[in-house]
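Undergrad: Once you've had a glance at the structure underneath, I'll fire off some questions.
The values are calculated or read from the model by the stated rules, or taken from the named source; none is laboratory data. Every value quoted in this text rests on a predicted model; they were computed, and no experiment measured them. So basically every Cβ, Gly included, is an ideal-geometry build from the backbone, and we count neighbours across all protein chains shown. What goes into the accessible areas is simple: the full protein's heavy atoms, side chains included, and nothing from ligands, DNA or RNA. Shrake-Rupley method; radii C 1.70, N 1.55, O 1.52, S 1.80 Å.
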Amino acid sequence: MNKVPFISKEKAEQLASVYPTPWHIYDEAGIRANAKAVKEAFAWNKGFREYFAVKATPNPSIMDLFQDYDFGFDCSSMTELMLARAVGASGEHIMFSANETPAEEYAYAAKLGAIINLDDLTHIPFITKILDGKLPETMCCRYNPGGVFTMSNGIMDNPGDAKYGFTKDQLFEGYRQLKELGVKHFGIHAFIASNTVSNDYYPILAGQLFELAAEISRKLDIHFSFINLSGGVGVPYTPDGVPNDIYAIGEGVRRKYEEILVPAGMDDVAIYTEMGRFMLAPYGALVTRAIHEKHIYKEYIGVDACAANLMRPAMYGAYHHITVLGKEDAPCDHKYDVVGSLCENNDKFAIDRMLPEIEKGDLLYIHDTGAHGFAMGYNYNGRLRSAELLLRTDGSVDQIRRAETARDYFATFEGSPFYENIDFDAAGC
Ligand SMILES: *Cc1c(COP(=O)(O)O)cnc(C)c1O
C-alpha cells in the first residue's frame, strides 16, 4: 500500500509557522471512518463495544471522538482513569485492565463503576479488602494461556514469558472465589499477541476464549456477560504490508461465536475489544524539520524531533515510513540515517533508508505515529514533549495539546532553592 500523507507540504508549512516543529498531527476523518468500520464489522453482536486503549493516545480530544460510536475506554492507571472520567465516561464504558495495580487505583476504578479486569488470583483478596467485601456485580479475569502462540502465517508471541494474567487452573479457582464473594456476571480477557497484521488473530483468540468460557460456565455454573478480545490487532508500518480487513475479522469472530457459544447456550455474550493501535496508528504522523546534514562514514540527516517524541524505532527497531513533503514524486536515490538529537546512538528514525535528496529546511512526515507515538514520550536529555494537532474533517486544525515548555519540565523543582535561579528567559517561557 502506497503510504500517502494526509497533509500537504503547503499545509504543513502553514501549520509550522504557527506551531514550531516537531508536532504530532491526527486525522479526524480517518479516525472516524475506521471507528465506523469497526462498529459495522461487529454489528452482528448485540452488546459489542470497543474500549479504546487510552495508553495508545491519551488525549481527551481524541478520546472524545470515539464517544460518537458509543465506545468505552480501556484504562490501566490512575491518570488514564482520570482522563476517561474527564471526557464524561463512567460505569460500563470504562474497562480497567491494569497489572501490578496499586490499591488506590482499584478503589477509584470501583468508584467510577468501571468494569474491573483482574490480572492475578492474589488480586481477589487484595481488592476484596480494599472494597470492604463489596465487589461489583460484574468482574473480569485476564487469562494467560502460557506456552508459545503461533499462527499459520508465522506470527508468534510468547505468552509463557508474559507477566500478565491467570493460568488456566487459577482461572477456575478465581471465578469460583468471585462467585462465592457474590459476583453475578463475569467476563474473560486475554491479550496474547501484539501488532498482528492478519485477519486470523481475533478469530483464533476468540475460538480459544469461547471454548474456555463455555467450559468454565458449565463447570462452575456462572454467567459470562462478555468476552474481551483486548488489543493486538495491528497495522502494516511498511508500505508493502497489507492492512487488516476489519470486516473479515468481525466475520471470523462471528463464525466462532455461532460455532461455539450459540450451541453452549451463551448467545447473550457481548464481544468487547480494546484496540489502540488499530484505532489510531495510521491516523497520526510526526512532522519534523531537517536541521542538519552530516557526512562522515555514513550520510546523516538531523531532524528537530528525537526518540523522546517517538520511541518505537529506538526501542523496538520499529520501521516508520518517511515521506519528504513536497518530494513525494522525487526518486529515492539517497541513502540516509535520519537521526534525532539524543546522546544515544539508537536515536534514529531511519537507518540506511532510501529517500529523495533532503535539504536543510525540508519537512519530514513520519507515518503511523498515531498510537504509542506521542504517548511513549519522555524527557531524556531534557528534551520536551511536542504539541499535538488535530486535522478536523472540515480541514481546519486545532491544537489539542500545547508543546511542553521548560517551565513544565522544571515545575517539579518548585520549592527547591535552585528553582528561582532557572533562566526561563533562555527558553522564552
Ligand atoms: C496495550 C493494551 C491494549 C491495546 O493494544 P494495541 O496493540 O494498541 O491494540 C489493550 N488492552 C490492554 C490491556 C493493553 O495493555
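Undergrad: As I understand it, the dipole of region 330-395 uses +1 on the Cβ of Lys and Arg and -1 on the Cβ of Asp and Glu, about the Cα centre. Which of 381, 349, 367 lies farthest toward its positive end?
TA: So the residue furthest toward the plus end is 381.
Undergrad: With springs only between Cα atoms under 10 Å apart, run a GNM on the chain and tell me which of 59, 345, 117 wobbles the most.
TA: Result: 345 has the largest fluctuation of those listed.
Undergrad: Give the carbon-plus-sulfur fraction of the accessible surface of the chain in %, rounded to a whole number; probe 1.4 Å, heavy atoms of protein chains only. The partial results should precede the final answer.
TA: Values: 9440 of 18830 Å².
Carbon and sulfur together cover 50 percent of it.
Undergrad: Let me ask another. Beyond 28 Å, what share of the Cα-Cα pairs of the chain remains, rounded to the nearest whole percent? Please report the intermediate quantities before stating the final value.
TA: On the way: 48642 of 91806 pairs.
When every Cα pair of the chain is considered, 53 percent fall beyond 28 Å.
Undergrad: While we're here: Let me check I've understood the local charge: for residue 335, count other residues with C-beta under 14 angstrom from its C-beta, Lys and Arg +1, Asp and Glu -1. What total comes out?
TA: Values: positive: 294, 298, 348, 353; negative: 293, 299, 333, 337, 352, 357.
Summing Lys and Arg as +1 and Asp and Glu as -1 gives -2.
Undergrad: Separate question: Can you give me the Cα centroid spacing of region 378-412 and region 129-184 in angstrom?
TA: So the separation of the two Cα centres works out to 37 Å.
Undergrad: Test of understanding: what is the full-extension gain from residue 17 to residue 297, defined as 0.36 nm times their sequence separation minus their Cα-Cα distance? Show your work: numbers first, answer last.
TA: Working: separation 280, 0.36 × 280 = 100.80 nm, distance 3.45 nm.
Extra length from residue 17 to residue 297 when fully extended: 97.4 nm.
Undergrad: Got a sec? What order do 39, 134 fall in by accessible area at 1.4 Å, biggest, i.e. largest, first? Write out the running numbers ahead of the final one.
TA: Numbers: 39 85, 134 145 Å².
Putting 39, 134 in descending order of accessible area: 134, 39.
Undergrad: Compare 44, 23 by solvent-accessible area with a 1.4 Å probe and give them largest first, with all protein chains kept in place.
TA: Working: 44 75, 23 0 Å².
Per-residue accessible area, sorted high to low, gives 44, 23.
Undergrad: Once you have a ≥ b ≥ c as the square roots of the Cα gyration tensor eigenvalues for region 71-157, tell me rounded if a/c is under 1.5, and otherwise prolate or oblate according to whether a/b is larger than b/c.
TA: Details: a/c = 2.47, a/b = 1.48, b/c = 1.67.
In terms of gyration-tensor shape, oblate.
Undergrad: For region 8-142, what does the accessible surface come to per residue with a 1.4 Å probe? Please give it in Å². Intermediate values should be presented prior to the final figure.
TA: Working: 5350 Å² over 135 residues.
With all protein chains present, region 8-142 gives 40 Å² per residue.
Undergrad: Let me ask you something else. Summing Lys, Arg as +1 and Asp, Glu as -1, what charge do residues with Cβ under 12 Å from the Cβ of residue 372 carry, residue 372 excluded?
TA: Values: positive: 55, 277, 312; negative: 368.
Net charge around residue 372: +2.
Undergrad: What order do 393, 288 take when sorted by accessible area (1.4 Å probe), most exposed first? Write out the running numbers ahead of the final one.
TA: Values: 393 95, 288 0 Å².
Result, largest first: 393, 288.
Undergrad: To continue, here is another question. Could you give the accessible area per residue of region 282-424, probe 1.4 Å, as a whole number in Å²?
TA: Details: 7000 Å² over 143 residues.
With all protein chains present, region 282-424 gives 49 Å² per residue.
Undergrad: Using only the Cα atoms of region 1-91, build the gyration tensor, take square roots of its eigenvalues as a ≥ b ≥ c, and label the shape rounded, prolate or oblate: rounded if a/c is under 1.5, else prolate if a/b is larger than b/c, else oblate. Write out the running numbers ahead of the final one.
TA: On the way: a/c = 2.89, a/b = 1.47, b/c = 1.97.
Since a/c reaches 1.5 but b/c is at least a/b, the shape of region 1-91 is classed as oblate.
Undergrad: Additional query: Need the full-extension length gain, residue 422 to residue 78, defined as separation in residues times 0.36 nm minus the C-alpha distance. One decimal, nm.
TA: Working: separation 344, 0.36 × 344 = 123.84 nm, distance 3.11 nm.
The span from residue 422 to residue 78 would gain 120.7 nm if fully extended.
Undergrad: Same structure again: Of the peptides 333-344, 45-56, how do they stack up when ordered by the mean number of other Cβ atoms within 10 Å, highest first?
TA: On the way: 333-344: 17.0, 45-56: 22.2.
Sorting 333-344, 45-56 by mean packing, highest first, produces 45-56, 333-344.
Undergrad: Could I ask something else about it? How large is log10 of I(q)/I(0) for region 28-278 at q = 0.09, 0.13, 0.14 Å⁻¹ when the intensity is taken from the Debye formula with one equal scatterer per alpha-carbon?
TA: Rounded to two decimals, the profile gives -0.36, -0.79, -0.92.
Undergrad: Compute the distance in nm between two label points, each set 7 Å from the Cα along the Cα-to-Cβ direction, one at residue 185 and one at residue 70.
TA: Those two pseudo-labels are separated by 1.3 nm.
Undergrad: Now, a different point. In the P(r) worked out for region 282-424, what percent of Cα pairs fall beyond 25 Å?
TA: Values: 3438 of 10153 pairs.
Of the Cα pairs, 34 percent sit more than 25 Å apart.
Undergrad: I need the shape label for region 238-282. Rule: rounded when a/c is under 1.5, else prolate if a/b > b/c, else oblate, with a, b, c from the alpha carbon gyration tensor. Let's see the in-between values first.
TA: Values: a/c = 5.18, a/b = 2.20, b/c = 2.35.
Oblate is the answer for region 238-282, as a/c is 1.5 or above yet b/c matches or exceeds a/b.
Undergrad: Then there's this: With a sphere of radius 11 Å drawn around the Cβ of residue 246, what net charge do the other residues whose Cβ falls strictly inside it have (Lys, Arg +1; Asp, Glu -1)? List each step's numbers first, then the result.
TA: Values: positive: 36, 39; negative: 40, 50, 245, 251.
Its environment carries a net charge of -2.
Undergrad: Which FRET efficiency value, to the nearest 0.05, do you get for residue 334 and residue 262 by plugging their Cβ-Cβ distance into 1/(1 + (r/R0)^6) with R0 = 60 Å?
TA: Working: r = 58 Å, r/R0 = 0.96.
FRET efficiency, residue 334 to residue 262: 0.55.
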